[in-house]
Every structure is written in C-alpha cells, then in structure tokens.
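The values are calculated or read from the model by the stated rules, or taken from the named source; none is laboratory data. Just so it is clear, the structure is predicted and the values come from calculations on it, not from any experiment. Cβ coordinates were reconstructed from backbone atoms using ideal geometry, including for glycine residues, and neighbour counts include every protein chain displayed. Please note that ligands, DNA and RNA were not included when accessible areas were found on the heavy atoms of the full protein model with its side chains. Shrake-Rupley method; radii C 1.70, N 1.55, O 1.52, S 1.80 Å.
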Amino acid sequence: MGLIQYIVSRVGAYLIVLFVGVTITFFLPRLMPSDPIEGYIAQMQNQAGQSMNPETIEELRTSMRKLYGLEGSIVDQYVDYIKRVFISFDFGPSLASYPKPVSEFIFTALPWTLGLLGTALVVSWLIGNIIGLVAGFYHNSRWATLLEIFGVILYPIPYYILALVLILLFAYIWPIFPLSTTILPGPITWEKINSIIYNSFLPALTLVLAGFGWNILGMKALSFANKEEGYVTFARLKGTPSRTIMFSYVFRNSILPQITALALSIGGVFNGALLTEILFSYPGLGLLMRTAIGSGDFNLLYGTIIMSIVSVATAALIIDLVYPLLDPRIRFR
Amino acid sequence: MKMNFRLKLGIFILAFFTLGSLILPLFNDVDPSQQGTYFKNLPISGDHLLGTNTQGQDIFWYLVYSVRNSLILGVGVSIFTTLISAVLGLSAGYIGGWYDRIIMILTDSVIAIPSFPILIVLGTLVRGNTNFFILGLILVIFGWAWGARTVRSMALSIREHEFINTSRFSGSNTVEIIFQEIFPYVFAYMVVGFINSILFVINTEAALAVIGLSKVEIPTLGSIIFWALNYNAMFIGQYMWIVAPVVATVVLFLGLFLTSTGYNQMFATRRGHA
C-alpha cells in the first residue's frame with residue numbers, strides 16, 4: 001500500500017502547486033499599483049495629442065477590459081480564469097498578432113525549451129554526479145581537491161554571467177559559434193539537425209556548466225559521508241574491488257537524495273533556461289516572453305507563464321514518480 | 001573557534017567589496033549615471049581606472065555604485081526573508097499538525113513554482129513606475145521559502161530533545177520555547193541562510209535588470225550589463241564595460257558562497273560532526 005499512498009500524495013502535491021501557482025499569477029499583478037489599461041490609454045492619448053473625446057476613451061476602456069478578461073468582480077474574474085486555464089486550456093487570442101490563438105505560439109516554442117533544458121539537465125546531472133562521486137570517494141587525492149575547487153567556483157556564478165562569458169569568448173573573441181540563433185526553416189533534414197545542434201551548443205553549454213557546480217558539491221558531500229558507513233567497510237574487508245564499492249555501494253545510496261534535490265531544483269534551472277534563451281535569442285518560451293513583453297501582449301505573456309508553471313511542476317512530478325523505481329524502500333514499505 | 005580557510009577568504013572578499021563600495025563614494029561627487037561627464041571611450045588611465053564608455057561615463061565609478069546598490073538591496077531584502085523564514089519555519093516545525101502542513105504546502109509551492117516568469121510579469125507591469133522598495137517587496141515574496149524549509153526541518157529534530165520537555169514542564173509557553181530553546185540552535189543556520197539570500201536577491205535583481213525589467217536607471221550589477229548590451233559594448237570592442245561587471249559579480253558571489261559554506265563548516269565542526 002505504501003506505493004499507492006506515495007503516488008497519491010505526489011499527485012496531490014502536484015495539483016496544489018499548479019493551483020497555488022496559477023492563483024499567484026492571477027492575484028499578484030492585480031495587487032500592483034499600476035493598471036496596464038490606464039497606462040495604455042494614457043499612451044494613446046499622448047500620441048493622439050489629447051484629442052480623443054471621453055466617450056471614445058470609455059468605449060476603448062470597456063473593450064480592452066473585455067479583451068483582458070477584467071470584467072465583473074474579482075471573484076468572477078478568478079473563477080473564469082481558473083476555468084479557462086484548467087478546463088479549456090485557452091489563453092485567448094494573441095493581442096499583438098490578433099486573432100492567432102496564444103496556444104499556437106506556445107506549442108511552437110515549447111519543444112525548443114523542453115529539448116534544450118532536458119538535454120542540458122541530463123548531461124549536467126550525469127557528468128556532475130560522476131565527478132562528485134570520484135571527488136568524494138578519493139577525497140584525499142589532489143585531483144579530488146581540484147575538482148572540488150572547480151565546483152566551488154562554478155556554483156555561485158549566475159546563468160546570465162555564464163551566458164555572457166560564453167558569448168564573449170566563442171562568438172566575439174574566437175567566433176566559432178553564432179551570436180544568436182538562426183535555424184533553417186522547412187522540413188527535418190540532416191542539414192537542419194546540424195544547424196539545430198550548432199545553434200544550440202552554447203545555450204546548452206551554459207545550462208550544463210551552471211548545473212555542474214551544484215551537482216558536484218552535492219554528490220561529493222554525500223559520497224564522502226556514505227563511504228564511511230558500516231556496509232562499505234564490510235564490503236572492503238570482504239575484498240570487493242574498490243570500483244565496485246564506488247558504483248554499486250556508494251553511488252547507489254548517494255544518488256537518492258540527489259534525485260530529490262533535482263526535483264526541487266527544476267524551478268530554478270527553468271528560470272535560468274528562460275534567461276539563457278533570451279540572451280541567445282533561442283526560439284523557446286523565454287524568447288516568447290521577451291516578445292510578449294516587447295509588444296505588450298499580455299495574453300501571450302500569461303499563456304507562457306502558466307505553461308512554465310505547468311511544465312516545471314510536471315517535470316518534478318515525473319521525477320517523483322520515477323523515484324520508487326530506484327528506491328526499493330518506497331516500493332516495499 | 002578557529003576560522004577555516006574558506007571562511008577567511010570569503011570574509012576578506014566581502015569586506016573588500018562592502019568597505020570599498022561604501023567608503024569610495026564619499027570621495028566622489030560626480031553622479032556616475034550622468035551621461036557625457038567625461039570624453040567618450042577613454043582608455044584605462046590614472047584618472048579613469050577602467051576607462052570610460054560610449055556614454056561618457058566612468059566605468060570604475062559606475063561599477064562602485066552598482067556594487068553598493070546591489071549590496072544594499074541584497075542585505076535589506078534578506079533581513080526580511082530571514083525573519084519570515086525563521087518565524088514560519090520555527091513555528092511550523094515546533095507546532096506541527098495542520099499548521100505545519102499548510103505552511104509546508106505553501107513553502108513547497110513557492111519553491112516549485114518558477115519565480116522568474118512571474119517576476120517578468122510584475123516587472124513588465126511596473127516598468128518605469130517601479131522603485132527599489134516595490135522591487136524589494138516582490139523579492140521578499142519569492143525569497144523566504146528555501147530558508148523556511150531548512151529551519152523547519154531543524155526545528156522538527158530539535159523538538160524531540162529532552163530539554164524541550166524539561167522546559168515545557170517548567171512552565172514555558174510555546175513562544176518561549178521556540179525563542180529561548182530552539183532559536184539558539186537554529187541561529188547559526190540563519191546566518192548561512194541570510195548570506196544565501198543576499199546571493200539570491202542580487203542575482204534575481206541582476207537577471208531582471210539584464211533584460212531591462214528592473215529599475216535600470218539605478219546602477220546595479222545587472223543594470224550596468226543591461227546598458228553595455230544595449231549600446232552593443234562587445235560589438236564595438238568596449239570589452240571593459242562588460243568584463244568589469246562580470247568579474248566583479250563572479251568574485252562577489254564567490255565571496256558570499258565561500259562565507260556561507262565556510263561558516264556552516266565551522267559550526268558543523270563545533271557541533272561535533274563534520
């Protein structure tokens with residue numbers, strides 16, 4: 001029964017996170033002191049040289065309130081918003097390229113973000129954890145110290161700095177990679193796949209490097225603690241080769257907290273991915289947000305944000321659901 | 001108590017940045033964000049330690065004010081996030097039950113929700129009309145959760161100790177137990193949490209500023225990079241404009257990180273388990 005209880009509690013937490021996230025997204029902007037519609041009207045009036053008459057302004061205000069979903073009391077708006085997001089998955093039309101629906105933009109951008117983020121996350125998690133394992137297991141060697149210093153220096157560097165340094169080094173000083181992303185249109189061919197890899201390399205490298213420090217330091221501490229455990233001493237006395245001890249004993253036990261930490265850190269990594277996409281003009285959700293901000297397209301902006309919350313929560317849920325496969329204690333509780 | 005190498009190096013870096021950015025402005029009466037104060041594109045010299053940029057601003061002085069403002073914002077916001085996470089974490093861990101469950105649902109949700117997209121919306125809405133106070137308030141909303149989570153798990157384990165029962169049977173009430181018995185144990189961690197929070201705040205503000213959604217008229221470690229990118233500093237070979245803030249950010253963040261892990265290590269050793 002332990003497993004079923006585990007799954008139910010995880011799915012429950014998933015739904016709560018979605019709900020709280022969507023609720024915060026709804027209420028926070030409404031608590032802000034500025035009203036985007038009044039701002040927009042003021043801007044239009046300035047452009048028209050204050051020549052608009054009050055009736056036109058009032059008409060404009062009503063039609064814009066309708067367009068933004070701002071009619072009725074705040075409770076009505078909230079219920080309507082929740083209904084649209086969770087039941088019909090409808091974010092309305094894009095305001096900048098009316099009447100193309102927002103969801104169309106999102107589903108074009110989403111595969112790029114997921115592909116970039118997924119690849120980078122897997123690569124940095126695997127390599128980072130292996131480096132951390134070696135550094136923790138042979139903690140007395142000089143190599144281990146060097147690897148740890150590498151982790152300590154890399155860990156606190158923020159995403160945008162890594163992205164800028166890589167752009168500076170490999171797109172300006174030694175221009176072997178493109179400055180911003182340009183991907184061939186048309187059907188999937190070898191040429192197109194090549195161009196995708198070529199254009200995605202630097203953004204992916206940014207995310208991999210940013211994840212490295214955290215993975216190395218976390219795994220180093222865990223494997224260092226685990227290698228002092230009784231069962232490791234027993235295996236050593238039994239004559240188990242040290243490589244087997246490292247992978248089958250220490251790694252197997254150290255990896256579990258690292259998986260939990262991965263699920264918790266996905267939100268932060270996703271934040272970094274959005275910023276990286278913006279800096280590299282990579283055609284994912286991050287760039288879409290940037291476009292939406294630039295054109296004042298609030299429907300598109302809200303759509304991308306809800307989609308971000310949904311993808312992050314879903315990724316964390318998937319990790320949580322894979323966890324029992326690796327931890328027998330949950331399966332046989 | 002013996003300070004380890006990490007902590008010493010970290011405190012040295014932090015002292016360098018804090019004292020430098022607080023004291024140096026006393027000897028300068030030129031507003032660094034004023035454009036056209038000096039000739040454009042001057043090379044590095046005794047008068048302009050890092051040269052001037054295409055807007056005729058002195059890069060060194062702009063950087064000094066940026067570090068100062070970022071540090072002030074970081075410390076100011078972190079005082080509040082640390083207080084909130086201490087109160088919520090301690091009470092949730094000690095009181096337990098439904099109260100704990102509700103606080104934890106809220107905490108885990110704030111951790112799991114990607115904050116950056118929401119910050120982008122808020123940044124877009126208040127753009128131009130924002131001030132440092134509102135920006136700080138928004139950062140507080142997203143900054144308290146990690147700390148609260150850690151404090152709560154510590155309070156949860158301390159609650160089981162014998163001296164808590166002793167204190168309760170001696171007539172202490174919940175508030176007294178939380179602040180007199182549990183708080184001293186959590187304090188060392190709160191220092192670590194406070195420093196980590198400074199890192200988070202400076203980083204988040206800078207990330208927003210780099211894409212132009214903070215108050216970019218005020219020099220911060222992010223807005224200096226925003227202007228450099230905006231005026232294509234790299235394209236026209238003004239490398240110092242972008243390299244200087246990048247190096248300063250990396251060293252400052254390294255200092256914060258070394259201080260927090262070094263301090264943690266020192267207290268772990270003192271508590272008897274490394």
Exercise for review: Just need a number here: residues in segment A:197-207 that are open to solvent by 20 Å² or more (accessible area, probe 1.4 Å) and of a type outside the set (Phe, Trp, Tyr).
Suggested key: 3
Check your understanding: Any idea which of (1) open to solvent by 10 Å² or more (accessible area, probe 1.4 Å); (2) outside any loop (DSSP other than H, G, I, E, B); (3) within 11 Å of chain B (Cβ to nearest Cβ) is the one residue A:329 doesn't satisfy?
Key -> (3)
Review point. So which of B:105, B:111 is in a helix (DSSP H, G or I) and open to solvent by 20 Å² or more (accessible area, probe 1.4 Å)?
Key: B:105
Check your understanding: What is the residue count in segment B:97-148 for residues that are free of Cβ contacts under 8 Å to residues at least 12 places away in the same chain, of a type in the set (Gly, Ala, Ser) and more than 7 Å from chain A (Cβ to nearest Cβ)?
Key -> 2
Revision key, fill the gap. Scanning segment A:279-310 for residues that are open to solvent by 20 Å² or more (accessible area, probe 1.4 Å) and under 21 Å from residue A:207 (Cα atoms) gives A:279, A:281, A:283, A:287, A:288, A:290, A:310
**Study point:** Residue check, residue A:251 surrounded by 18 or more Cβ atoms within 10 Å (Cβ to Cβ) and either over 23 Å from residue B:142 (Cα atoms) or modelled with pLDDT of 85 or more (or both)
**Key:** yes
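Quick one: would you say residue A:218 is over 13 Å from the mean Cα position of the chain (by Cα), at pLDDT below 90 and more than 24 Å from residue A:204 (Cα to Cα)? Reasoning before the result, please.
Values: over 13 Å from the mean Cα position of the chain (by Cα): yes; at pLDDT below 90: yes; more than 24 Å from residue A:204 (Cα to Cα): no.
No; evaluated as a whole, the condition is false for this residue.
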Practice item. Could you list all residues from segment B:159-188 that are open to solvent by less than 70 Å² (accessible area, probe 1.4 Å) and free of Cβ contacts under 8 Å to residues at least 40 places away in the same chain? Key: B:163, B:164, B:165, B:167, B:171, B:172, B:181
Exercise for review: Looking for whichever is in contact with a helix residue (DSSP H, G or I) (Cβ under 8 Å, 6 or more places away or on another chain) and more than 9 Å from chain B (Cβ to nearest Cβ) here; the options are A:245, A:266, A:278. Which one fits?
Suggested key: A:245
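Which residue is farthest from residue B:5 (Cα to Cα), if the candidates are limited to segment A:122-174 and must be more than 14 Å from chain B (Cβ to nearest Cβ) and polar (S, T, N, Q)? Lay out the reasoning, then the answer.
Filtering segment A:122-174 for residues more than 14 Å from chain B (Cβ to nearest Cβ) gives A:122-135, A:137-138, A:140-144, A:146-147.
Checking the rest, the ones that are also polar (S, T, N, Q) come to A:124, A:129, A:140-141.
On the way: A:124: 28, A:129: 25, A:140: 17, A:141: 19 Å.
The qualifying residue farthest from residue B:5 (Cα to Cα) is A:124.
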**Study point:** Members of segment A:183-226 found to be in contact with a Ser or Thr (Cβ under 9 Å, 6 or more places away or on another chain) and in a loop (DSSP other than H, G, I, E, B), listed by number
**Key:** A:183, A:184
**Study point:** Pair list, Cβ < 7 Å and 6+ apart or interchain, from segment A:159-183 residues that are over 12 Å from residue A:282 (Cβ atoms) and assigned by TED's automatic domain parsing to the domain that holds residue A:269 to residues that are part of a loop (DSSP other than H, G, I, E, B) and open to solvent by less than 20 Å² (accessible area, probe 1.4 Å)
**Key:** A:168/B:234; A:172/B:234
**Study point:** Condition check for residue A:240: over 23 Å from the mean Cα position of the chain (by Cα), more than 14 Å from every other protein chain (Cβ to nearest Cβ) and open to solvent by less than 60 Å² (accessible area, probe 1.4 Å)
**Key:** yes
Revision key, fill the gap. Checked segment B:211-250 for anything of a type in the set (A, V, I, L, M) and closer than 12 Å to residue A:161 by Cα; matches are B:221, B:225, B:242, B:243, B:244, B:246, B:247, B:248, B:250
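Say whether the condition of being more than 25 Å from residue B:134 (Cβ to Cβ), out of contact with any Asp or Glu (no Cβ under 8 Å at 6 or more places or on another chain) and outside any helix (DSSP H, G or I) is met by at least one residue in segment B:92-99. If you could, list the steps in order and put the result at the bottom.
Taking segment B:92-99 and keeping what is more than 25 Å from residue B:134 (Cβ to Cβ), we get B:92-99.
Still in the running and out of contact with any Asp or Glu (no Cβ under 8 Å at 6 or more places or on another chain): B:94-99.
Narrowing further to those that are outside any helix (DSSP H, G or I): B:96.
Yes.
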Point to revise | Tally of residues being touching an Asp or Glu at 6+ places or on another chain (Cβ under 9 Å) and at positive phi across segment A:235-266 | key: 0
Exercise for review: Tell me which residues, restricted to segment B:43-62, are in contact (Cβ under 8 Å) with a residue 60 or more places away in the chain and within 30 Å of the chain's Cα centre (by Cα).
Suggested key: B:50, B:51, B:53, B:55, B:59, B:60, B:62
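Looking at B:96, B:46, which is the one that is open to solvent by less than 20 Å² (accessible area, probe 1.4 Å) and of a type outside the set (Ser, Thr, Tyr)? Spell out the reasoning first.
On the way: B:46 fails: open to solvent by less than 20 Å² (accessible area, probe 1.4 Å).
Every option except B:96 fails the conditions.
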